[in-house]
Amino acid sequence: MTDIRRLRYFVTVASERSFTRAAARLNMAQPPLSRRIQEIEEELGAQLIERSSRPLALTSAGQLFLAHALQVLERHDTMERAMERFISAERPRFTLGLLPSEFYVRLPQIVRRYRTRDPGTDLVLSEMSSSEQVVALKEGRIDAGLGRVRIDDPAIAREVLREERLVAAMPPGSGAANEPVGLARLARMPLLLYPREPRPSHADVVLSVFRDSGLSPDEVIEVRELETALIMVSAGVGACLIPASSQWLAHPEVICRPIRPRAASPIILYHRPNDTSPQFATLLRTFASLFTEWGYPLSPRLAQAS
């Protein structure tokens, strides 16, 4: 009985009308391909391909076999797609929203740990801003989100997982790396903020840092993305306040310096109130275990989950 694989071989040869071109298309050597077609002919007891013609031609038996082979392959492919859809629908999925360009340093470890703890669930990542995550949570498009903004919405619960230190990304020649720089000095420099929209966003977190110290930047330049802001910093346009974990995105000439007084940006987990799903519980345990390994203090919610 001819298997699906050999049927595909025959259909490819019939389509290309050449063993050489068919072998290249199938990414295999020509001799094994010829043998597979000969095996089909031997099992059927009929010649399917007229090999003396150039290009190759199908015999009458070959034309009949091709018509049925195409039907079998179409049914087989339809069956595979139907099974994939069924399995996908049956397999639990947990969608996590997150900010573009944020959390990437630690994200692979988070994903691997989650999948180790719950291999039966598909963890899906979806990039969106903090405000977009809140909307997506309420619409059921994501199951949880990682953002930076303390958004007040009675339909959404939020957990501050940790406060991440902010650093000042400054143009080349702006002092020694790791030497603290005062907010007052930064307020006198052009300040690059991101993202321009949607708001509220990290830009508002940065502005609140200055307001809390009684300062207001002399000049603000809004850009769409963190990467754009860092390119402009490296070009000497101005300075930018970024999470410490984002320093790896900066050009080597950019000087990253601690801020005085210390400033921080929260990492916030958005979720639905009273979410008791096992997938959400796994996410909390994942963060708790990794934060412990990384030496981060545990929030009350993570301490409870650990």
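The values are calculated or read from the model by the stated rules, or taken from the named source; none is laboratory data. Not measured: the values here are computed from a predicted model. Every residue, glycine among them, receives a Cβ derived from its backbone with ideal geometry; neighbour counts consider all protein chains shown. Quick note on the areas: whole protein, heavy atoms, side chains included, nothing else; ligands and nucleic acids left out. Shrake-Rupley method; radii C 1.70, N 1.55, O 1.52, S 1.80 Å.
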Practice item. Return the loop-located trypsin sites (Lys or Arg not before Pro) in segment 163-203 (DSSP other than H, G, I, E, B) with at most 15 other Cβ atoms within 10 Å of their own Cβ; answer none if there are none. Key: Arg188, Arg196
Review point. Along the charge dipole of the chain, Cβ charges K/R +1 and D/E -1, which of Ala187, Ser289, Ser245 sits furthest on the positive end?
Key: Ser289
Check your understanding: In what sequence, highest mean first, do 64-71, 238-245, 294-301 appear when ranked by Cβ atoms within 10 angstrom?
Key -> 238-245, 64-71, 294-301
**Study point:** Average accessible surface area per residue within the chain, 1.4 Å rolling probe, Å²
**Key:** 51 Å²
Review point. Could you give the nm distance between label points at Glu219 and Glu197, where each point is 7 Å from its Cα heading toward the beta carbon?
Key: 2.5 nm
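What dipole magnitude, in Debye to the nearest 20, does the chain give about its Cα centre under +1 on Lys/Arg Cβ and -1 on Asp/Glu Cβ?
Charge dipole of the chain: 400 debye, to the nearest 20.
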Exercise for review: Please label the shape of segment 1-98 as rounded, prolate or oblate, based on the square roots a ≥ b ≥ c of the eigenvalues of the alpha-carbon gyration tensor (a/c under 1.5 means rounded; beyond that, a/b larger than b/c means prolate, else oblate).
Suggested key: prolate
**Study point:** Potential extension, Arg75-Asn178 segment - 0.36 nm per residue separation minus Cα distance
**Key:** 30.6 nm
Review point. ³J(HN,Hα) across segment 269-282 via Karplus (A = 6.51, B = -1.76, C = 1.60, θ = phi - 60°), whole Hz, x for Gly/Pro?
Key: 9, 8, 7, 7, x, 6, 6, 10, 5, x, 5, 5, 4, 5
Exercise for review: Rounded to the nearest 0.05, what FRET efficiency do Ala157 and Ala244 give with R0 = 25 Å and r taken as the Cβ-Cβ distance? Could you check?
Suggested key: 0.40
Review point. How large is the charge dipole for segment 112-249, taken about the Cα centre, if only the Cβ atoms of Lys, Arg (+1) and Asp, Glu (-1) carry charge, to the nearest 20 debye?
Key: 300 debye
Exercise for review: Indicate the gyration tensor shape class of segment 32-187 (rounded, prolate or oblate), computed on the Cα atoms with a ≥ b ≥ c the square roots of the eigenvalues: a/c under 1.5 is rounded; otherwise a/b larger than b/c is prolate and the rest oblate.
Suggested key: prolate
Review point. Length gain on complete extension for the stretch Arg106 to Ala235, per 0.36 nm per residue less the alpha carbon to alpha carbon distance?
Key: 43.6 nm
Study note, to complete from the structure: Quick calc: nm separation of the 7 Å Cα→Cβ label points for Arg262 and Ser289 -> 2.9 nm
Revision key, fill the gap. Karplus-derived 3J(HN,Hα) from phi for segment 65-72 (6.51 cos²θ - 1.76 cosθ + 1.60, θ = phi - 60°), whole Hz, x at Gly and Pro, runs 5, 4, 4, 6, 4, 4, 5, 5
Check your understanding: What figure in square angstrom, to the nearest 10, would you give for the accessible area of Leu215 with a 1.4 Å probe?
Key -> 50 Å²
Revision key, fill the gap. Unit-weight point scatterers at every alpha-carbon of the chain, Debye formula, q = 0.09, 0.12, 0.14 1/Å: log10 I(q)/I(0) is -0.65, -0.82, -0.98
